[in-house]
């Protein structure tokens, strides 16, 4: 890459811009490959992951959440109601539980949102959902969302 860049800047140029760009693409590909290799090694040893990454003269990317949370449960406007939002568009199946052992099926929805009413005030409920696809295919149940009804 250095030789290609130098050759491109000399007068007259001894290397074409296209040749320099090809060299740059090769360097970028190699760097991505190196990053992936370091990440694989770090993932295999989580207790020393930070040390592995920094010893390769790389920085640790801070994780940030993007978008809205995967699944949420919020108390509704009406007393004893809960508004549920699920990850992913389209129809969903829903269920609720008081103990995360015994589950009660709720009506399916054609969107990722549903309101559950007539719940007991002051009671903690757990809710799960799963997406429904064509040909009766479904995802696994989501992680539980816990809420105390107010």
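A short reminder: the numbers here are calculations on the coordinates, not readings from a lab. Remember, it's a predicted structure, so these values are computed and weren't measured experimentally. Note that we place each Cβ from the backbone using ideal geometry, even for glycine, and neighbour counts take in every protein chain shown.
So what's the projected area for the chain, the Cα convex hull averaged over all directions, in nm²? Can you show the working numbers first?
Values: hull surface 64.4 nm².
Directional mean of the projected Cα hull area for the chain stands at 16.1 nm².
Could you tell me the calculated FRET efficiency between residue 103 and residue 150, based on Cβ-Cβ distance and R0 = 25 angstrom, to the nearest 0.05? Let's see the in-between values first.
Details: r = 22 Å, r/R0 = 0.90.
Calculated value: 0.65.
Nearest 10 degrees, 0 to 90: what angle lies between the long axis of helix 17-44 and the longest principal axis of the chain (Cα atoms)?
Value to nearest ten degrees: 50.
Give the separation of the Cα centroids, segment 121-141 to segment 9-83, in Å.
Between the Cα centre of segment 121-141 and that of segment 9-83, the gap is 32 Å.
Over the chain, what relative contact order in percent results from Cα pairs under 8 Å that are six or more residues apart? If you can, show how the numbers build up before the last one.
Details: 214 pairs, mean separation 24.8, N = 150.
Relative CO of the chain lands at 17 percent.
Could you order the peptides 81-94, 9-22 from most to least packed, using the average number of other C-beta atoms within 10 Å per residue?
On the way: 81-94: 17.9, 9-22: 11.4.
Taking the mean over residues of other Cβ atoms within 10 Å, the ranking is 81-94, 9-22.
If a/c stays under 1.5 just call it rounded; otherwise compare a/b with b/c (prolate if a/b is bigger, oblate if not). Do that for segment 72-148, with a ≥ b ≥ c from the square roots of the Cα gyration tensor eigenvalues. Before the final figure, lay out each step's value.
On the way: a/c = 2.25, a/b = 1.58, b/c = 1.42.
In terms of gyration-tensor shape, prolate.
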